Amino acid sequence: MRPSVSFLVVAALAVPVFAAPLPDDALVDEGSRKLEGGDVDGALDAFARAEKAAPKDPRPRYLRGAALGRKHDAAGAVAAYREALALDGKLAAVHNELGAVLEEAGRRDEATGEFRAALEADPTLAEAWSNLGRAQLARGDGAAAVDTFKKAAARAPKDADLRIDLSVALRKLGRADEATAAAREAVSLAPSLAPAHLNLGLCLSAAKKLDEAAAELTAATRLDPQGHLAFVALATVERDRKRWDAALGALDRAQALKPRSLALRLERARILGAAKRCAEAKQALGALPADKDDVKAAAREVAATCP
């Protein structure tokens, strides 16, 4: 799921700008500060007192849901969000957050219903559009996801994240040219956004435009040096360009971020084999569990170039 609106922003949505102060305002502020600072139990205590002070205010309830989510209590979070919505069913961001919790819990039909309710309450809520489209894509309904992302992008002409979502959906449907166009639009809207460059690099790699792909993936790694996937993708592109040292260098960076990844260690052996650095390739394989099927497959690949 795309990150939902922060609980502090959500809190501001419940009370009109010119509304009279509520008796629980100070407690809501106290709980929000504690939650922001990581004191989840302290926040829950403040929200409980706020609920008693103002039984009809939805804010302490959905903030309790956010706090329970921090404690990985999905059932409690769902109950709290539903309590808030029972008091005010038009809180779009709360419908969206409830949908995200339900989606993570595998309650997909309910989640989709909440995302749609969020959009009915606020058609401009980009997070809900994104979550709805991603949920459709996860269910294998790529056409519906593309339709959702296109509608969302039309409503938010400067939202790069929605263009990334659209590009991913199009790429999964095999609509490569459209996917690349959407990816380029995302980069043009947000040139400092690492995921935009990563997605464009993946599109270009799929289209075998390897030089352009390498440039975009390199940009992604520079913008986000902790971006594991960008280093993996860059290693793959450099391998396909037969730039073995560059491929291994990118793989080194990926392994530094995921040192226990068997897939990366196998890829290292494959690249070394393809580069005909046979002694190193066999040494890399020798450090892996030989009984695993994927290790056996990599050994066969290496043996093809290193008899």
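Of the listed requirements (1) crowded, with 18+ Cβ neighbours inside 10 Å; (2) modelled with pLDDT of 65 or more; (3) more than 22 Å from Lys56 (Cβ to Cβ), Asp39 misses just one: (1).
Among the residues making up the stretch 87-114, those that are in a helix (DSSP H, G or I), without any contact (Cβ under 8 Å) to a residue 24 or more places away in the chain and out of contact with any Leu (no Cβ under 7 Å at 6 or more places or on another chain) are Asp109, Gly113. In summary, Leu210 fulfils each of the numbered conditions (1) over 18 Å from the mean Cα position of the chain (by Cα); (2) within 19 Å of Ala153 (Cβ to Cβ) with the single exception of condition (2). Restricting attention to the stretch 45-62, does a residue exist that is open to solvent by less than 30 Å² (accessible area, probe 1.4 Å), at pLDDT 90 or above, farther than 18 Å from Val78 by Cα and not aliphatic (A, V, I, L, M)? No, there is no match, as no residue in the stretch 45-62 is open to solvent by less than 30 Å² (accessible area, probe 1.4 Å), at pLDDT 90 or above, farther than 18 Å from Val78 by Cα and not aliphatic (A, V, I, L, M).
So, in the stretch 219-249, how many residues would count as being open to solvent by less than 70 Å² (accessible area, probe 1.4 Å), closer than 23 Å to Ala190 by Cβ and either touching a strand residue (DSSP E or B) at 6+ places or on another chain (Cβ under 7 Å) or part of a helix (DSSP H, G or I) (or both)? Residues in the stretch 219-249 being open to solvent by less than 70 Å² (accessible area, probe 1.4 Å), closer than 23 Å to Ala190 by Cβ and either touching a strand residue (DSSP E or B) at 6+ places or on another chain (Cβ under 7 Å) or part of a helix (DSSP H, G or I) (or both): 10 in total. Scanning the stretch 205-217 for residues that are crowded, with 19+ Cβ neighbours inside 10 Å and farther than 10 Å from Val237 by Cα returns a single hit, Glu216. Checking Gln255, Gln283 one by one, the residue that is in a helix (DSSP H, G or I), within 30 Å of the chain's Cα centre (by Cα), over 29 Å from Ser188 (Cβ atoms) and polar (S, T, N, Q) is Gln255 and no other. Considering (1) among the aliphatic types (A, V, I, L, M); (2) surrounded by fewer than 17 Cβ atoms within 10 Å (Cβ to Cβ); (3) over 20 Å from Phe47 (Cβ atoms), the lone condition that Ala92 does not fulfil carries the number (2).
Scanning the stretch 130-159 for residues that are in a helix (DSSP H, G or I), more than 14 Å from the chain's Cα centre (by Cα) and not charged (D, E, K, R) turns up Gln136, Gly142, Ala143, Ala144, Ala145, Val146, Thr148, Phe149, Ala152, Ala153, Ala154. Among the conditions (1) in a helix (DSSP H, G or I); (2) farther than 24 Å from Lys209 by Cα, the only one that Arg260 does not satisfy is (1). For Leu288, the criteria (1) open to solvent by less than 30 Å² (accessible area, probe 1.4 Å); (2) of a type in the set (A, V, I, L, M, F, W, C); (3) in a helix (DSSP H, G or I) hold in every case but one, which is (3).
Of Asp224, Asp291, Asp240, all but one fail to be among the charged types (D, E, K, R) and over 30 Å from Ile164 (Cα atoms); the exception is Asp291. When you look at Val232, is it in contact (Cβ under 8 Å) with a residue 24 or more places away in the chain and touching a Pro at 6+ places or on another chain (Cβ under 7 Å), yes or no? Answer is no for this residue.
Table: residues versus (1) out of contact with any strand residue (DSSP E or B) (no Cβ under 6 Å at 6 or more places or on another chain); (2) of a type in the set (D, E, K, R); (3) closer than 24 Å to Glu104 by Cβ; (4) modelled with pLDDT of 95 or more.
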site: Glu120; (1), (2), (3), (4): yes, yes, yes, yes
site: Ala128; (1), (2), (3), (4): yes, no, yes, yes
site: Gln136; (1), (2), (3), (4): yes, no, yes, yes
site: Ala145; (1), (2), (3), (4): yes, no, yes, yes
site: Ala152; (1), (2), (3), (4): yes, no, yes, yes
site: Ala160; (1), (2), (3), (4): yes, no, no, yes
site: Arg163; (1), (2), (3), (4): yes, yes, no, yes
site: Leu166; (1), (2), (3), (4): yes, no, yes, yes
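Of all residues in the stretch 269-281, exactly one satisfies the criterion of being surrounded by fewer than 22 Cβ atoms within 10 Å (Cβ to Cβ) and in contact with a Leu (Cβ under 6 Å, 6 or more places away or on another chain), namely Glu280.
The values are calculated or read from the model by the stated rules, or taken from the named source; none is laboratory data. None of these values were measured; they are calculated from a predicted model. Using ideal geometry, Cβ is built from the backbone for each residue, glycine included, and neighbour counts are taken over all protein chains shown. Surface areas here come from the heavy atoms of the whole protein model, side chains and all, with no ligands, DNA or RNA. Shrake-Rupley method; radii C 1.70, N 1.55, O 1.52, S 1.80 Å.
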